[in-house]
Amino acid sequence: MSHHTIDLTNVFYTYPDGTTALRNLSLHIGHGEAVAIVGSNGSGKTTLLSHLNGVLFPTEGAVNIGGYPVVKETLSHIRRTVGMIFQNPDDQLFMPTVYDDVAFGPLNLGYPPLEVEKRVMSVLKTVGAYALKDRPPYRLSGGQKRAVAIAAVLAMDPAILVMDEPTAALDPLARRKLITLLHTFSHTKIIATHDLDMVLDLCKRTIVLHNGTILADGPTLEIFRNKLILEQAGLEQPFSMQNCPVCSKS
Amino acid sequence: MHMADALISPVVGGTLWAATAGLASYAAKKVQSDMDEQKVPLMGVLGAFVFASQMINFTIPGTGSSGHIGGGVLLAILLGPHAAFLTIASILTVQALFFADGGLLALGCNIFNMGFIPCYIAYPFIYKPLVGTTPSQRRIMLGSITAAVVGLQLGAFSVVLETFFSGISALPFSTFVLLMQPIHLAIGLIEGIITAVVIGFIYQEAPQIIQPKAFNQSLGATSIKKVVIVLFILALITGGALSWFASSNPDGLEWSISGTNGEEKLQETDEIHGFFAEIQEKVAFLPDYNFKATSHPTAAEETEATSEAAWPAVDPGTSVAGLVGSVITLILAYFIGKGLQVAAKR
Amino acid sequence: MIKLKSTWLDLRTIDDLAAQNTFIHSLNSCTKLVTTLAFILFVTSFSNYEVTSLIPLLFYPVALMSLGNLPYKPIAKRLLLIAPFIVFIGLLNPIFDKAPIAKLGPFLITGGWLSFLSITIKLLLTVTSALILVATTGMNSICSAMAQIGVPKPIVIQILFMYRYLHVLLEEFLKTNQAYDLRSFKTTGIHYKAWGSLLGQLLLRTMDRAQRIYQAMLCRGFDGKVPLRSAASWTKKEYVYLLFCLFFFLFCRFINIPQTLGRLLTGGFQ
């Protein structure tokens, strides 16, 4: 359990239609780190995340998770290690009820039924969605869907959590709840997002992507203070760091 | 053109149920052996897509009315016949359950008419040969429209046959054919054009989906051969049944082409119903199922005598009794319903 | 667009109804499916001219709606939406079938009218019983029941996935259609020039979605098999319910209850 690290070395990725989305990207993320990946639309965030659990394979270069290279042969191990939370929870909640959905992963991993039930109940309680267990996914609110999607991933007991825009389309209260929930996890966390205020709350380290390469990589506060980098990446300082519009003090 | 439970007999419904159940398990086996796991979510989502598109109204130019699509040929092009057949079957099942479109007994008929015909006849025998391995916008247009029109014509004809053999509607066969086929020619054209423009759009934007190699790998020569074999067997069965039927009555096959000669017609429908009654007796399903010859307007005088003989002469008293009893039963049903409601709430 | 919206609302209404907790809802889904199919077989097995003996079968939907706490309105609405075509076909019967069959006082009743009445009652019975089945059982349980009676698993999974994403796509289509209507000023439907691009765009989006769902499935260990929960087992309650219903259907099938009842009463008057 001690080395759930992520290493990308000189990764290039070109889509079948010829668009190059990642160019010579190298990074190392250590065990237990919480890292934000920020950048404008089309900067390569989602493509990068897709490499972390073998949805995509690099055209050139190598991806290494916890000491295992991400190749076809290691996929089942990689996918148990890396829990992926998709941008649109509707894509992730495909089973008829919340319970079935959360049980999908553990059942596929071959756990005995009683163990599956225990896990499902426990993760649903963790994310505060226990009362929803018999509901169909389309009868949930945005925040509830997000919580269940996280539970479905947690039920597989991953060591690394990868999230794509977890706060997108959430109302402020649901967003706050989610951030509080994420705070309680000790997993290695990688979050791709436009929500820089959440990054301030959750991640000590930030990686800025621009045009498929790393523009900056360092402590979150340092990067967010550097307006030049943010501007170049098509970003803006988080609201909490901007001057107060009422009293003009920061 | 959903068939309804109220218009079919258990024999016709059951036969087509059995036929579609066999086809569905065959298709399910094919899809499973395909090993293309990607198709599991794709079929589900495309089923929902076709279901939802059926609710969209497309304005028909120059008329002010609007049409919508059935989607059988479209699905076959996107998924291949087996997966498309299962997808259509799932759509029709949900429609039968939630919207009472068609019905549970008629589900077999509907899956056959709107699933089997476009997926296993119109697509492999019309669309594929017309479009070939090198699609172009013109070929797609030609293939889709022809496939949709032929598919709907066959489907409509199948509706007529199913209704006719059920013997619930008194509509003469020829009148029903004349009613159904032209309407479905128009519907088929609209369906074909929509299918063509959608496939044309996809071909332009994402050709890899339409290219047979990229997407329909399972559609090799083998599956077509299987379809031909299935069709051949079906043809043998129908041929056998029809010839047996013809031999028992030399004019038995003429019902389909005979005009409106009432006398002949009446006699033959009797024959057909006799045929089914016999089958029914053999399978011993609800033995006293009452087959009654449908009469014909031009033979009204003659039928009067026959039908009165065929039907136990009903005296007015019995009719009154039936009416009174029915009213009382209805009232009873109402009160029992209310009573149960109260009981259930407690 | 109205149709899209009403479809979406109807789905949700039935879904809500199915989430209730009554005696009927608590029955095993398989029992209800088998009973409903048997009911429809019995109803359709009555001959064309049977009217009075069909009437007692109304007890079945009425009792189920009462016990299952189902409102009459949405079911009646569905019935009215479905009815026109079948009633139209049925109304042709009096035109083609003019053989007199029964006498009611001075009136002669022709076979056509009797069979028309019969079709209408059959329509009422079959439509309501199917709707009652989903409204007291819900789609997921019906699917488990289908798996239990031997429907191949790929078909059951297909129906479940289709139903799951029907909700998502109806909403998406509704938005697209709304966007179209807001910029088109005529509300009759989609202009033919937009047929391909509108439906084509939706189709491409749908296929992308399928790809994402597939990836989400892979991420959770999908290997071609979808685990399904099996339907609840049969208890004494289920057997009693099934036997009772079958007995009732048989009784109605072979004894013309209204006729007998009416004869008793009118006989008493004479």
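The values are calculated or read from the model by the stated rules, or taken from the named source; none is laboratory data. On a predicted model such as this, the values are computed, not experimentally measured, just so you know. Cβ placement follows ideal geometry from the backbone for every residue including glycine, while neighbour counts extend to all protein chains displayed. We work out accessible area using only protein heavy atoms, side chains counted, and drop any ligands, DNA or RNA first. Shrake-Rupley method; radii C 1.70, N 1.55, O 1.52, S 1.80 Å.
Every condition in (1) under 20 Å from the mean Cα position of the chain (by Cα); (2) within 7 Å of chain B (Cβ to nearest Cβ); (3) modelled with pLDDT under 90 holds for C:I159 except the one numbered (3).
Please work out if B:L16 is touching a Cys at 6+ places or on another chain (Cβ under 9 Å), at pLDDT 90 or above, open to solvent by 10 Å² or more (accessible area, probe 1.4 Å) and in a helix (DSSP H, G or I). Walk me through how you get there before you give the answer.
Details: touching a Cys at 6+ places or on another chain (Cβ under 9 Å): yes; at pLDDT 90 or above: yes; open to solvent by 10 Å² or more (accessible area, probe 1.4 Å): yes; in a helix (DSSP H, G or I): yes.
Against the criterion (touching a Cys at 6+ places or on another chain (Cβ under 9 Å), at pLDDT 90 or above, open to solvent by 10 Å² or more (accessible area, probe 1.4 Å) and in a helix (DSSP H, G or I)), B:L16 qualifies.
Filter segment C:215-261 for residues that are charged (D, E, K, R), free of Cβ contacts under 8 Å to residues at least 60 places away in the same chain and surrounded by fewer than 20 Cβ atoms within 10 Å (Cβ to Cβ) and give the result.
Of the residues in segment C:215-261, the ones charged (D, E, K, R) are C:220, C:223, C:225, C:229, C:236-238, C:253.
Imposing the further condition that a residue be free of Cβ contacts under 8 Å to residues at least 60 places away in the same chain reduces the set to C:220, C:223, C:225, C:236.
Within segment C:215-261, C:D223, C:K225, C:K236 qualify.
So, B:A196, is that one buried (at least 24 other Cβ atoms within 10 Å of the Cβ), within 14 Å of chain C (Cβ to nearest Cβ) and within 18 Å of the chain's Cα centre (by Cα) or not? So B:A196 does not fit the description; no. Only one of the numbered conditions (1) under 26 Å from B:V31 (Cα atoms); (2) in a helix (DSSP H, G or I); (3) within 14 Å of chain C (Cβ to nearest Cβ); (4) at pLDDT 90 or above is not met by B:E162, and that is (1). Pick from C:P84, C:P94: which is in a helix (DSSP H, G or I), touching a Phe, Trp or Tyr at 6+ places or on another chain (Cβ under 6 Å) and in the same structural domain as C:F23 (by TED's automatic domain parsing)? That would be C:P94, the only listed residue that is in a helix (DSSP H, G or I), touching a Phe, Trp or Tyr at 6+ places or on another chain (Cβ under 6 Å) and in the same structural domain as C:F23 (by TED's automatic domain parsing). In segment B:132-152, the count of residues that are in a loop (DSSP other than H, G, I, E, B) and crowded, with 21+ Cβ neighbours inside 10 Å is zero. Taking segment C:48-75 as the range and being of a type in the set (S, T, Y), at the interface with chain B (Cβ under 9 Å from one of its Cβ atoms) and without any contact (Cβ under 8 Å) to a residue 24 or more places away in the chain as the test, only C:S66 passes.
One line per residue, one yes/no per condition, for (1) open to solvent by 10 Å² or more (accessible area, probe 1.4 Å); (2) in a helix (DSSP H, G or I):
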residue	(1), (2)
B:K30	yes, yes
B:A52	no, yes
B:I56	no, no
B:V73	no, yes
B:I111	yes, yes
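The set of residues from segment C:28-41 being touching a residue at least 12 places away in the same chain (Cβ under 8 Å) and either at the interface with another protein chain (Cβ under 8 Å from one of its Cβ atoms) or part of a loop (DSSP other than H, G, I, E, B) (or both) comprises C:N28, C:T36, C:I40.
Can you tell which of C:S26, C:S53, C:S6 is assigned by TED's automatic domain parsing to the domain that holds C:K103 and open to solvent by less than 30 Å² (accessible area, probe 1.4 Å)? Before the answer, list the steps.
Numbers: C:S26 fails: open to solvent by less than 30 Å² (accessible area, probe 1.4 Å); C:S6 fails: open to solvent by less than 30 Å² (accessible area, probe 1.4 Å).
After applying the criteria, what remains is C:S53.
Restricting C:F59, C:F39 to those that are within 20 Å of C:C252 (Cα to Cα) and open to solvent by less than 30 Å² (accessible area, probe 1.4 Å) reduces the list to C:F39. Is there a residue in segment C:7-15 that is more than 8 Å from every other protein chain (Cβ to nearest Cβ), hydrophobic (A, V, I, L, M, F, W, C), closer than 30 Å to C:F173 by Cβ and not in a helix (DSSP H, G or I)? No, the conditions are met nowhere in segment C:7-15.
Are any of the residues in segment C:56-66 under 25 Å from C:W113 (Cβ atoms), assigned to a helix (DSSP H, G or I) and modelled with pLDDT under 90? No, every residue in segment C:56-66 fails to be under 25 Å from C:W113 (Cβ atoms), assigned to a helix (DSSP H, G or I) and modelled with pLDDT under 90. Residues of segment C:133-182 that are surrounded by fewer than 20 Cβ atoms within 10 Å (Cβ to Cβ) and without any contact (Cβ under 8 Å) to a residue 12 or more places away in the chain: C:G150, C:V151, C:K175, C:A179, C:L182. Residues that are hydrophobic (A, V, I, L, M, F, W, C), farther than 29 Å from C:F222 by Cβ, open to solvent by less than 40 Å² (accessible area, probe 1.4 Å) and in a helix (DSSP H, G or I): does segment A:165-173 have at least one? No, the conditions are met nowhere in segment A:165-173.
Considering A:P106, A:P136, the condition of being open to solvent by 10 Å² or more (accessible area, probe 1.4 Å) and either within 12 Å of chain C (Cβ to nearest Cβ) or out of contact with any Pro (no Cβ under 7 Å at 6 or more places or on another chain) (or both) is satisfied by A:P136 alone.
Set side by side, the residues B:G47, B:G72, B:G22 differ, and just one is more than 10 Å from every other protein chain (Cβ to nearest Cβ), modelled with pLDDT of 85 or more and closer than 22 Å to B:A147 by Cβ, which is B:G72. Restricting segment C:106-132 to residues that are not in a helix (DSSP H, G or I) and not hydroxyl-bearing (S, T, Y), the residue that is least open to solvent (accessible area, probe 1.4 Å) is C:I109. Taking the criterion of being in contact with a Lys or Arg (Cβ under 8 Å, 6 or more places away or on another chain) and assigned to a loop (DSSP other than H, G, I, E, B), would at least one residue in segment C:200-223 satisfy it? Looking through segment C:200-223, at least one residue is in contact with a Lys or Arg (Cβ under 8 Å, 6 or more places away or on another chain) and assigned to a loop (DSSP other than H, G, I, E, B).
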